[in-house]
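Report on the structure given below.
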Amino acid sequence: MIIEGIMTTLDEKGVVNVSPLGAIMDNATQRCVLRPYKTTKTYGNLKKKGQGVFHITDDVEMMARAAVGRLDPPPLMENANAIEGRILTGACRWYAVRVCEIDDARPRARIVTEVVDQGRQRDFIGLNRAKHAVVEAAILATRIDILPAGQISEDLTRLEPLVEKTGGEAERRAFDFLAEYVKAAEKTERLIE
Ligand SMILES: Cc1cc2nc3c(=O)[nH]c(=O)nc-3n(C[C@H](O)[C@H](O)[C@H](O)COP(=O)(O)O)c2cc1C
């Protein structure tokens, strides 16, 4: 099963990068397989530093902003002990991982990691359709360069009622933020064409 979460990694200068990522986790959560595209900073950091922290969270607003590189101000973090890494203090659970194997023959790498430390900080709020809609919208927003023009807006129109009907303020803010981001990016694309 792929769990959508947020990965923090450090670059060679110790600058932290926060980015949503899917992780294939085994039942005992001793191993975690990551599939970052080679164009991402997350991939570069994992390759160079060989470590990072994967987080399980229900904070979809953070996920939405991190997906498009607009996390400002940066979220609260603390140092991990077992590795050189940063833990998002607001996340539900975290897994500090070390890279064991990298297969980067294809554009999307396959990175096998071993969990060397983990922690629980708070309960996961539970399933919520608006939160899932925001996660889908965030994934769409990261695919603006790949998906046909107009398709993302259509998908957002389909997702919006879920947010309206079942979301709280944070989900509405996150969805509106992504919708604005997509609108601006599609407009720029049209201007370039
Ligand atoms: C829920 C979610 C899951 C994602 N999973 C992946 C993934 O598995 N691999 C990947 O390359 N990008 C994934 N992305 C897209 C990256 O988060 C996005 O491209 C990001 O801008 C990469 O940031 P970085 O260059 O700072 O690492 C995901 C996005 C979301 C919202």
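The values are calculated or read from the model by the stated rules, or taken from the named source; none is laboratory data. Values in this document were obtained by computation on a predicted structure and should not be read as measured data. Glycine also receives a Cβ, built like all others from the backbone with ideal geometry; neighbour counts cover every protein chain displayed.
Summary of computed values
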| item | result |
| --- | --- |
| Any hit, the stretch 106-116, residues being in contact (Cβ under 8 Å) with a residue 60 or more places away in the chain and among the hydroxyl-bearing types (Ser, Thr, Tyr) | yes |
| Selection within the stretch 23-35 - touching a Gly at 6+ places or on another chain (Cβ under 9 Å) and more than 13 Å from residue 95 (Cα to Cα) | 35 |
| Set 75, 107, 161: member being touching a strand residue (DSSP E or B) at 6+ places or on another chain (Cβ under 9 Å) and surrounded by 11 or more Cβ atoms within 10 Å (Cβ to Cβ) | 75 |
| Among the residues listed as 44, 90, 22, 52, the single one being under 25 Å from residue 163 (Cα atoms) and within 12 Å of the ligand (Cβ to nearest atom) | 22 |
| Residues being in contact with a helix residue (DSSP H, G or I) (Cβ under 9 Å, 6 or more places away or on another chain) and among the hydroxyl-bearing types (Ser, Thr, Tyr) - total across the stretch 158-193 | 2 |
| Cβ-Cβ under 8 Å pairs, at least 6 apart or on other chains, the stretch 32-50 side over 11 Å from residue 102 (Cα atoms), far side more than 9 Å from the ligand (Cβ to nearest atom) and at pLDDT below 95 | 32/25; 32/26 |
| The stretch 55-74, residues that are near the ligand (Cβ under 7 Å from one of its atoms) and either over 11 Å from residue 6 (Cβ atoms) or more than 12 Å from the chain's Cα centre (by Cα) (or both) | 68, 69 |
| Residue within the stretch 114-136 that is surrounded by fewer than 19 Cβ atoms within 10 Å (Cβ to Cβ) and at pLDDT below 95 present | no |
| The stretch 84-97, residues that are surrounded by fewer than 18 Cβ atoms within 10 Å (Cβ to Cβ) and more than 30 Å from residue 172 (Cβ to Cβ) | 84 |
| Search result, residues across the stretch 129-152 that are without any contact (Cβ under 8 Å) to a residue 60 or more places away in the chain and either among the acidic types (Asp, Glu) or near the ligand (Cβ under 9 Å from one of its atoms) (or both) | 136, 140, 143, 145 |
